[in-house]
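The values are calculated or read from the model by the stated rules, or taken from the named source; none is laboratory data. All values reported here derive from a predicted model rather than from experimental measurement. Cβ placement follows ideal geometry from the backbone for every residue including glycine, while neighbour counts extend to all protein chains displayed. Only protein heavy atoms, including side chains, enter the accessible area calculation; ligands, DNA and RNA are left aside. Shrake-Rupley method; radii C 1.70, N 1.55, O 1.52, S 1.80 Å.
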Amino acid sequence: DFSAVSIEDATFYAAEDAWMTYLLYGAIKKKMELSSLTPLLKEAKNVEYPFMNVLIRMERLGIKIDPSKLEALQKTLSEDLATLTSEIYALSGSEFNIKSTQQLGVVLFQQLGLKGGKKTKTGYSTNEAVLNSLKDEHDIIPKILEYREYQKILSTYVDPLLKLAKADEHSRIYTSFGQTGTATGRLSSRDPNLQNIPVRSALGRSVREAFVAKEGYKLISIDYSQIELRLLAHFSKDAALLEAFNTGVDIHLATSTILFGEEKAKEKRSFAKSVNFGLLYGMGPKKLSDELGISSGEAKEIITNYFASFPTVKNFLESIQERVKIDGYVDTILKRRRIFDYESANGMQKAAFMRESVNTVFQGSAADLIKLSMNQIDTMIREENLDAFMLLQIHDELIFEIKEEKVEEISKRFVHTMENVLELDVPLECSVSVGDSWGELK
């Protein structure tokens, strides 16, 4: 590997790499100036360049793990998997490799004769959607779904995290943040990926409980509340949305009242919430009907009523899509640009571009805001030598390690920074939670 290369050769290679990158920088800079894209150069210089250093500091800090918690979880999961394996064998009447989708397909659709098996070149499909559709057909299905969940938590999170924690003298693990890893401008995280640890399942939360604050410190989560919906109100200037956010009412309840009337508003709040968020990700009637467990006709009616109730929103979302067709790109709030080659796209790609363009405006703008906040907070920590450390960013949420007696004072200041990072037509709001472990944070 590269460590076997002589220092002289490695130096020449690295220097040539840096020199070529510098030449490329000059060429691209010139091209951007000729294309009147100087605001993008400004955004790079003022936001992205300082942000690199923020990420370097976060990567070096890492986050502490309590190995004993992971060891206990490892033991429990291994025992549960052994029990589930015996139960699955008993229910199927044979022993087979449960992890093998081919063997599982044969057991379910040939041995047990379950209906709905779709045969592909490699055997029967046994993905989550297929298994969920068979949940009530046989007792073996819930057991297999459970087995898969336990196996995934063990192999994807518990085992690798424990290995990494044991390799560090302070039991800290260090992720790598990708600044250019997503098309929308959001950060990605790898080796290990700390942005995809499940939060909804009890098992996922038990993994999070192993992430702890060091002695004398607390973990603090500061989370932007409904940031993308607030951006929708800001961009679209929809009167009903602006009023809801500016008067501080429950936005999903307000939407539910407009869609379903006063009487049904409370019971239908979750429907309104799904529509509110779904539309930002280009959700159609099919996806909404699956999510809410209603017919596609009902889902279509809800979406139609939504757009009739918020006409400005409909016009704004359509204007984003028109822009892609005409200009071939969309901009975020800081004028970061995502290009779509709409002209030479096929039908399926065009439909995807329509969804992705809307998503980029909101997700990308939310990413802009949190980057600005992180830059400002990092400067504050360094200039004032605060006893606080920024450890993780999980999309709209920041996680800090703050000295126990300073938690209230410092977290208030961080919240103030995040809520005032950019002036919008609606207030930005953050929620704060404090705990000894990540699992305790809301």
Checklist entry - Is it the case that some residue within segment 366-382 is basic (Lys, Arg) and at pLDDT 95 or above? => result yes
Checklist outcome for this item: Residues of segment 249-281 being among the aromatic types (Phe, Trp, Tyr), open to solvent by less than 70 Å² (accessible area, probe 1.4 Å) and within 25 Å of the chain's Cα centre (by Cα), in sequence order, are 271, 277
Next on the checklist: Looking for something in contact (Cβ under 8 Å) with a residue 12 or more places away in the chain, within 19 Å of residue 366 (Cβ to Cβ) and either under 28 Å from the mean Cα position of the chain (by Cα) or open to solvent by less than 40 Å² (accessible area, probe 1.4 Å) (or both) - is there at least one such residue anywhere in segment 290-297?
Outcome noted: no
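Take residues that are surrounded by 15 or more Cβ atoms within 10 Å (Cβ to Cβ) and in contact with a helix residue (DSSP H, G or I) (Cβ under 6 Å, 6 or more places away or on another chain) and tell me which of the helices (runs of 4 or more DSSP H) falling wholly in segment 65-150 contain 2 or more.
Qualifying helices (runs of 4 or more DSSP H): 67-92.
Yes/no per residue for (1) among the polar types (S, T, N, Q); (2) outside any helix (DSSP H, G or I):
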| site | (1), (2) |
| --- | --- |
| 319 | yes, no |
| 326 | no, no |
| 341 | no, yes |
| 351 | no, no |
| 362 | no, no |
| 377 | no, no |
Next on the checklist: Suppose the filter is β-branched (Val, Ile, Thr) and under 27 Å from residue 414 (Cα atoms); does residue 275 pass it?
Outcome noted: no
Checklist entry - Does residue 123 satisfy being of a type outside the set (Val, Ile, Thr) and touching a residue at least 12 places away in the same chain (Cβ under 8 Å)? => result yes
Checklist entry - With respect to residue 50, is the statement that it is more than 30 Å from residue 371 (Cα to Cα) and touching a residue at least 12 places away in the same chain (Cβ under 8 Å) true? => result no
Item to check | Which numbered condition residue 300 fails, given (1) part of a helix (DSSP H, G or I); (2) open to solvent by less than 20 Å² (accessible area, probe 1.4 Å) | outcome: (2)
Checklist entry - With 221, 225 as the choices, which residue is touching a strand residue (DSSP E or B) at 6+ places or on another chain (Cβ under 7 Å), surrounded by fewer than 19 Cβ atoms within 10 Å (Cβ to Cβ), touching a residue at least 40 places away in the same chain (Cβ under 8 Å) and under 19 Å from residue 367 (Cα atoms)? => result 225
Item to check | Residue under evaluation residue 343, criteria (1) surrounded by fewer than 18 Cβ atoms within 10 Å (Cβ to Cβ); (2) over 27 Å from residue 133 (Cα atoms); (3) in contact with a helix residue (DSSP H, G or I) (Cβ under 6 Å, 6 or more places away or on another chain), criterion not met | outcome: (3)
Next on the checklist: Could you go through segment 187-204 and let me know if any residue there is closer than 23 Å to residue 417 by Cα, in contact with a helix residue (DSSP H, G or I) (Cβ under 8 Å, 6 or more places away or on another chain), touching a residue at least 40 places away in the same chain (Cβ under 8 Å) and surrounded by 19 or more Cβ atoms within 10 Å (Cβ to Cβ).
Outcome noted: yes
Next on the checklist: Where the second residue is part of a loop (DSSP other than H, G, I, E, B) and open to solvent by less than 40 Å² (accessible area, probe 1.4 Å) and the first is more than 18 Å from residue 290 (Cα to Cα) and of a type outside the set (D, E, K, R) and lies in segment 256-272, which pairs have Cβ atoms under 9 Å and are six or more apart or on separate chains?
Outcome noted: 256/265; 257/265; 258/265; 258/310; 259/265
Next on the checklist: Suppose the filter is modelled with pLDDT of 95 or more and surrounded by fewer than 16 Cβ atoms within 10 Å (Cβ to Cβ); does residue 163 pass it?
Outcome noted: yes
